[in-house]
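Written out below as structure tokens is the structure these notes cover.
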Amino acid sequence: MTDRSITVNGHPWQAQEGETILEVAARHGVEIPTLCHDPRLKPAGACRTCLVEIDGWRRLAPACATPVTEGMSIVTENERIDRHRKTLLALYMTDHPQSREESERGAPDQLFDMVARYQAPSDWGVLENKRQGRPDDRNPYIQFNPEACILCARCTRYCDEVESVSAITLAQRGSETTIATVDAESLLDTTCEMCGGCIDVCPTGAMAEKIPLVRGDKPERELEKVRTTCNYCGVGCQMDLNVDPDAREGQGKVVKVTSPPVGTTTNDGNLCVKGRFAYDFIDHPDRLTQPLVRGEDGELHPTTWDDALAKAATGLRGVTERHGPDALGFVSSSRCTMEENFLMQKLSRAVFHTNNVHQCAAT
Ligand code: SF4
Ligand code: SF4
Ligand code: FES
């Protein structure tokens with residue numbers, strides 16, 4: 001790979017062939033604001049927040065979509081760029097929810113941070129937002145709020161390029177352009193896998209999580225994040241449990257699951273429907289929290305682990321004595337680790353002398 005000699009804000013830097021201005025700047029610790037950029041997606045150059053000045057170029061250029069070339073001289077901050085960003089952000093806000101609380105009921109909205117950071121004017125009036133949503137979408141998890149959408153297309157590109165699902169797309173024209181499904185069907189009637197990736201990538205909260213929205217949870221920035229490993233399968237995706245520390249009389253309660261930032265974990269910011277949305281078992285009244293053994297009255301009664309394991313062993317031994325070892329079958333869970341699965345087949349083969357052992361993730 002050939003190096004490129006470039007200058008950024010007066011500093012001579014080396015860049016690699018094919019790198020964009022945004023990537024080189026990030027590698028050197030220079031932050032350029034972005035809204036439509038996601039390192040997992042092909043550059044779209046849609047939001048124009050990352051525009052920079054390049055010597056000899058008449059127009060400002062999107063840093064996320066412009067590869068460096070030999071001798072390029074780039075400026076990432078000056079009065080012209082600042083004026084452009086202020087104008088752009090003020091225009092975005094004209095048909096955007098004016099209150100942060102309103103916009104952030106279901107997911108964070110970075111636009112407000114950016115408006116504050118660049119001191120963009122907020123008195124340019126309010127335009128009618130003509131984007132149509134899907135008010136009757138009966139899916140349980142994802143809400144599209146058309147007023148907050150800035151048409152950055154991160155959600156549609158994620159759905160297409162990362163999930164290979166293409167359940168959502170940009171539709172209509174001009175100010176009516178919106179995020180649509182085929183025939184405005186509910187996401188449940190499309191190819192959508194309910195991964196929630198569109199919520200995760202949306203920079204403005206336009207793609208939001210329904211349950212916290214309906215429950216009226218605190219905004220995500222007021223929740224505490226606890227990094228953990230998903231226990232639904234053996235892949236081991238990293239996830240952040242979002243805990244409301246004041247819920248349940250100060251004991252705290254998990255109210256949402258989000259992905260860790262892209263590039264920091266092996267699942268690279270991606271989660272599946274179970275990892276992202278199936279967390280209500282944590283506080284479910286039917287959750288098993290202690291061993292139970294059925295008594296002579298036919299009811300389940302709490303007991304100790306030693307007693308429960310002893311009774312299970314007696315029951316299994318009784319089956320082999322009466323019907324032979326192949327009357328037993330062992331099924332292990334895909335939630336187990338490889339080592340736990342190994343122990344299950346050892347128990348089946350070495351202790352009970354049957355090869356009837358299966359793991360539910362086998363394909
Ligand atoms: S949940 Fe996943 S599959 Fe469904 S629309 Fe969003 S990104 Fe696409
Ligand atoms: S819903 Fe969000 S991610 Fe999708 S285009 Fe609108 S602002 Fe971008
Ligand atoms: S981040 Fe570059 S145009 Fe949106």
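If exposed means no more than 13 neighbouring beta carbons inside 10 Å and the site is in a DSSP loop, what's the longest run of the chain without any exposed trypsin sites (Lys or Arg not before Pro)? Walk me through the numbers on the way to the answer.
Numbers: sites that count: Arg58, Arg59, Lys130, Arg138, Arg173, Arg287, Arg335.
With a cap of 13 other Cβ atoms within 10 Å, the longest stretch comes to 174-286.
Among the listed pairs Lys274/Lys346; Lys86/Lys225; Lys225/Lys253, those whose Cα-Cα separation exceeds 21 Å are Lys274/Lys346; Lys86/Lys225.
Measuring between their Cα centroids, region 296-363 and region 22-80 lie 59 Å from each other.
For region 87-137, dividing the convex hull volume of the Cα atoms by the residue count gives 89 Å³ per residue.
Can you tell me the dipole magnitude for region 124-215 around its Cα centre, using point charges on the Cβ only (Lys, Arg +1; Asp, Glu -1), in Debye to the nearest 20?
Numbers: 9 positive and 14 negative charges, 59 e Å.
So the dipole magnitude of region 124-215 works out to roughly 280 debye.
Note on the chain: with charges restricted to the Cβ of Lys and Arg (+1) and Asp and Glu (-1), its dipole about the Cα centre is near 400 debye.
Each of Tyr158, Tyr118 has some number of other Cβ atoms within 10 Å of its Cβ, and from fewest to most they run Tyr118, Tyr158. Rounded to the nearest whole Hz, the Karplus-based 3J(HN,Hα) values (6.51 cos²θ - 1.76 cosθ + 1.60, θ = phi - 60°) of region 222-238 follow the sequence 9, 9, 9, 9, 10, 6, 8, 10, 4, 10, 7, 8, x, 5, x, 4, 8, with x at glycine and proline.
Simple rule: put +1 on each Lys or Arg Cβ and -1 on each Asp or Glu Cβ in the chain, find the dipole, and look at His84, His323, Leu213; the Cα lying farthest toward the positive end is His84. Please name which of Asn270, Ala313, Thr303 has its Cα lying farthest along the dipole of region 258-363 towards the positive end, using unit charges on Cβ (Lys, Arg +1; Asp, Glu -1) and the Cα centre as origin. Most positive-ward Cα: Asn270. Between the amide H of Val52 and those of Ala61, Ala63, distances stay under 5 Å, these residues lying 5 or more places away or on another chain, with hydrogens modeled in the peptide plane. Each other residue within a Cβ distance under 15 Å of His84 adds +1 if Lys or Arg and -1 if Asp or Glu, for a net charge of +4.
Just checking the listed ones, Ala153, Ala206, Ala350: in the Gaussian network model of the chain with Cα springs under 10 Å, the one fluctuating most is Ala350. Could you tell me what % of all Cα pairs in region 26-70 have separations over 13 Å? The calculated P(r) of region 26-70 puts 57 percent of pairs beyond 13 Å. In the chain, a dipole from Cβ-located charges (positive for Lys and Arg, negative for Asp and Glu) runs towards its positive end, and of Ala107, Ile32, Met72 it is Met72 whose Cα lies farthest in that direction.
Kirkwood hydrodynamic radius, the chain, all distinct C-alpha pairs: what's the number in Å? Could the numbers behind the result be given before it?
Working: mean 1/r = 0.0410 Å⁻¹.
Over the chain, the inverse of the mean reciprocal pair distance is 24.4 Å.
Charged neighbours of Asp183, selected by a Cβ distance under 14 Å, balance to -3 (K, R count +1; D, E count -1).
Throughout, read-outs are computed from the coordinates displayed, never taken from laboratory work. Keep in mind that this is a model prediction, so the values were computed, not measured. Cβ atoms come from the backbone with ideal geometry, glycine included; neighbour counts cover every protein chain shown.
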